[in-house]
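First comes the structure, then the notes that go with it.
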Amino acid sequence: MLNKLLSQLNAVNKYFQFFHWKAKGNLSYQDHLLAERIYDEINELIDGVAEKAIGLFGNKEIDMVDDAQSILKILTELKSLLANHSLHEVGLKSIKDTISFIEELKKDLEKENKLTDGLDNLLQGICDKLESHEYLLTQRTADIKKASLKYAAIPGSKQWWLSPEGKLYFAPRGHSFFCLEHPELFGGEDNDILYMDWALDNGWSRIAYMSNGLNFEFSPPLTNTKLHNIQKVLNELPKSDLVMIDTFQDFIQVPYSIFASAVDIKDLDKKPNSIGLYTRLTKSSVIEQLVKLAYHLDLRGLYSEADKIDAMIETLAKQVGLISEAKSKSYKEYKGKTQKKPIKDRPRPPKKWFEEMVENSLAGVKKRFPKISEKEARRRTEAMVGDIWHNQLSDKKIESLLKKYK
């Protein structure tokens, strides 16, 4: 009987090892560590079951071929579920199924008077450990669903990324989520903080088909090369009455037929971009970009970098004659106009808590990225802790920590 439990545990162990390998990207660092923890702890449970099986029922209780066949059958069933479910959901199901299996096994052993006190304690200990895994996976699955909503595509829209080489990538869950799922396309793991900005700065274009037309967004300037690259993929995109191009400096809105047939950018009706985010800072596009960068850095816990950018903004604002209130107002405009559900304004975390979290997490980051420098490892860790504070902790937890570290 214990041989079937061994097969079940071995299959779940292999699944979470696969989970560990598959987890990558900005949203998946926690998954990477969680899967590693689960398969390491299950591996320890397997040794205990194997020793108990041989001790109680002899060597015949364990058969290598039967075990391998059972493992393959279970893994095949789990793999089939991945077609319509996430790694987290399938992993959670495998843990729940194992707990149910052990509960039925205990009943069968009890009926046959084979459930010794030692074996009962062993099986209960396994269930306790698996229930802790179930709790962690349930929480993580809920977090992933929240993140999916946060980065989801605008309802009713279709979105794509266009690479600098002219390759079109469909982003069914939205531009942001596509970046987070494909770090290998957007600067690799050395650019895991500002994927969107990195992409636009490196020649990528964002495309969205919405009710008001076909929208293209990329960094300035608009050149004939960019125009022709877009025209090459028009046949792969839905047709619309209007085409709109936003380069942050210029805003162009033309009928689809004119855009499709344009030979030169001079053929387009080019207008100054009057719908930018920072109406108070139109005297300096440099300040506009710095404000946006400072906000992103602050939101992700990179406070020292954000402070440096803030100092630059103050200096530039004085040079062009802008009052200091312009910066604070632009922050509010940015939050209000770029977030469907604005992120809650939260104070920075207590310095002591932040430093403790960074030190406790730094070793894990170094282990995952052994080739990066000490400075880069610390930067990533600070970003991860900042994200936890601003985007993952509940208001109640934030309030509690603020009181504790006051």
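The values are calculated or read from the model by the stated rules, or taken from the named source; none is laboratory data. Fair warning: this is a prediction, and the values are worked out from it, not measured in the lab. Note that each Cβ is placed from the backbone with ideal geometry, even for glycine, and that neighbours are counted across all protein chains shown.
Looking for something surrounded by fewer than 17 Cβ atoms within 10 Å (Cβ to Cβ), within 19 Å of A11 (Cβ to Cβ) and in contact with a Gly (Cβ under 9 Å, 6 or more places away or on another chain) - is there at least one such residue anywhere in segment 123-136? Looking for residues that are surrounded by fewer than 17 Cβ atoms within 10 Å (Cβ to Cβ), within 19 Å of A11 (Cβ to Cβ) and in contact with a Gly (Cβ under 9 Å, 6 or more places away or on another chain), one finds none in segment 123-136, hence no. In the set K79, K73, K93, K60, only one residue is assigned by TED's automatic domain parsing to the domain that holds Q124 and surrounded by 14 or more Cβ atoms within 10 Å (Cβ to Cβ); that residue is K93.
When T381, T315 are screened for being at pLDDT below 75 and not in a loop (DSSP other than H, G, I, E, B), only T315 passes. When the residues of segment 68-127 are narrowed to those that are small (G, A, S) and part of a helix (DSSP H, G or I), which ends up farthest from L45 (Cα to Cα)? Among those residues, the one meeting the criterion is S80. Do we find a residue being at pLDDT 90 or above, over 30 Å from F186 (Cα atoms) and either in contact with a helix residue (DSSP H, G or I) (Cβ under 6 Å, 6 or more places away or on another chain) or not β-branched (V, I, T) (or both) anywhere in segment 79-93? Within segment 79-93, one or more residues are at pLDDT 90 or above, over 30 Å from F186 (Cα atoms) and either in contact with a helix residue (DSSP H, G or I) (Cβ under 6 Å, 6 or more places away or on another chain) or not β-branched (V, I, T) (or both). Restricting K106, K146, K158, K111 to residues that are charged (D, E, K, R), modelled with pLDDT under 90 and touching a strand residue (DSSP E or B) at 6+ places or on another chain (Cβ under 8 Å) narrows the list to K158. Among the residues making up segment 161-179, those that are charged (D, E, K, R) and within 11 Å of W204 (Cβ to Cβ) are E165, K167. Here segment 218-250 is the region considered, the condition is being of a type in the set (S, T, N, Q) and over 31 Å from the mean Cα position of the chain (by Cα), and the residue that is surrounded by the fewest Cβ atoms within 10 Å (Cβ to Cβ) is N235. Among residues of segment 348-370 that are in a loop (DSSP other than H, G, I, E, B), those with a Cβ under 8 angstrom from a residue that is among the acidic types (D, E), sequence gap 6+ or separate chain, pair up as R348/D298; F369/E189; F369/E376.
Among residues of segment 88-113 that are in contact (Cβ under 8 Å) with a residue 12 or more places away in the chain, those with a Cβ under 7 angstrom from a residue that is buried (at least 18 other Cβ atoms within 10 Å of the Cβ) and of a type in the set (S, T, Y), sequence gap 6+ or separate chain, pair up as G91/Y15; S94/Y15. Would you please list the contacts, defined by Cβ atoms under 9 Å and residues six or more apart or on different chains, that run from a residue in segment 255-270 that is over 15 Å from L222 (Cα atoms) and among the hydrophobic types (A, V, I, L, M, F, W, C) to a residue that is modelled with pLDDT of 85 or more and part of a helix (DSSP H, G or I)? From segment 255-270, the pairs are A260/Q231; A260/L234.
The condition of being at pLDDT 90 or above, not in a strand (DSSP E or B) and not assigned by TED's automatic domain parsing to the domain that holds I372 does not hold for H296.
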